[in-house]
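Here's the structure we're looking at; comments come further down.
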Amino acid sequence: MFLMLALLISFQEEKEVVSDRVAAAPKIDGVADDAAWRDAPGLEIAVSRPLPPDKGKSTQVILKSVHTDTHVYFLVRWKDETKDDAAHKPWTWSAEKNAYVEGTEREDMFALAFELSGEFDDDMLSGKEAVWDVWQWKASRTNPQGYAMDRTHRYTRAKPEGKAKSCKDRGGKEIWIARPEDAGDTVEKKQPAPKEKGDASVPQYLPGTPTGSAADVRAKGTWTDGWWTLELERKLDTGHEDDTRFDVGRTYKMAVSAHDRTGDMDKSSGVLRLRFRGSK
């Protein structure tokens with residue numbers, strides 16, 4: 001399950017996301033009716049599965065970006081026939097086991113990843129040592145609070161400090177993968193299963209109030225007629241070492257992935273390029 005939250009390999013050609021400068025910032029409410037989005041160029045892509053089974057299965061995604069002198073904004077719309085925003089993996093009472101077990105409910109999710117250091121590659125098993133800045137919006141765990149989880153993905157040959165997973169890269173060599181959340185209080189809190197029987201279903205995750213670098217990415221999503229609409233906002237330069245500092249004079253490698261019930265975890269856009277336009 002550790003690997004399933006990472007963006008996976010895609011062989012698509014690099015495409016460009018153009019972020020135009022706007023005078024007035026969009027409101028982060030999950031409704032794409034702001035003037036800022038009206039003339040912003042949109043990139044339509046298919047995030048798809050590159051490996052069997054169901055090789056080539058894809059999800060339609062439309063991606064826009066704008067920026068001001070201080071902040072960058074993203075508008076994402078993706079096709080999803082079902083709205084899955086109920087409690088994620090709730091503790092469910094099992095009469096057979098006379099204990100709470102993890103329920104089958106899963107939330108929808110969307111992730112954006114940006115180069116931070118090293119060589120960016122959306123294949124987490126490429127073997128390239130790098131650090132990604134990753135924003136994870138979760139329909140149940142972060143959307144009600146109005147944030148995305150801000151974290152890094154770290155790929156190293158040497159075992160890092162803290163929690164990490166040892167894997168084999170595409171060449172069969174050991175690579176360590178760590179996914180720490182950014183510094184500060186988390187946007188979501190996990191609680192253990194109750195020891196005594198209570199309600200039939202008990203949340204495993206509780207809402208948190210993020211602080212510090214963990215509170216950098218504001219986000220709000222809404223679902224209508226088979227489409228999620230998600231807006232995200234972050235400072236161009238947060239001043240935090242665990243965030244990508246966006247310089248409007250250069251381009252950045254990035255990637256996105258859409259997850260239906262977080263069980264369809266293997267679809268990625270491939271490497272995209274983010275370019276800023278219209279700034280002095």
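The values are calculated or read from the model by the stated rules, or taken from the named source; none is laboratory data. Bear in mind that the values here come from a model prediction, so they are computed numbers and not experimental data. All Cβ positions, glycine included, derive from the backbone under ideal geometry; neighbour counts span all protein chains shown.
Let me spell it out: the conditions are (1) under 23 Å from Lys190 (Cβ atoms); (2) in contact (Cβ under 8 Å) with a residue 60 or more places away in the chain, and Thr211 meets all of them except one. Which number is the exception?
(2)
Pull out all pairs, ordered by first then second residue, where Cβ-Cβ is under 6 Å, the residues are six or more apart or on different chains, the first lies in region 146-157 and is of a type in the set (Phe, Trp, Tyr), and the second is modelled with pLDDT of 95 or more and surrounded by 24 or more Cβ atoms within 10 Å (Cβ to Cβ).
Cβ pairs passing all conditions: Tyr147/Val187; Tyr147/Pro210; Tyr147/Ala219.
Exactly one of these conditions fails for Asp237: (1) at pLDDT 95 or above; (2) assigned to a strand (DSSP E or B). Give me its number.
(2)
Considering only region 185-205, state which residues are of a type in the set (S, T, N, Q) and outside any strand (DSSP E or B).
Within region 185-205, Thr186, Gln191, Gln204 meet the criteria.
Which of the residues spanning region 161-181 are over 14 Å from Arg151 (Cβ atoms), assigned to a loop (DSSP other than H, G, I, E, B) and out of contact with any Asp or Glu (no Cβ under 8 Å at 6 or more places or on another chain)?
Glu161, Asp169, Gly171, Gly172, Lys173
Identify the residue in region 139-156 that is in a strand (DSSP E or B) and under 15 Å from Arg218 (Cβ atoms) and, among all such residues, is farthest from the chain's Cα centre (by Cα).
Tyr147
Here's a check for you: in region 36-53, which residue that is in contact (Cβ under 8 Å) with a residue 12 or more places away in the chain and part of a helix (DSSP H, G or I) is farthest from His259 (Cα to Cα)?
Out of the qualifying residues, it is Ala36.
Quick one: is Val202 more than 26 Å from Leu272 (Cβ to Cβ), aliphatic (A, V, I, L, M) and touching a strand residue (DSSP E or B) at 6+ places or on another chain (Cβ under 6 Å)?
Taking the combined requirement at face value, the residue satisfies it.
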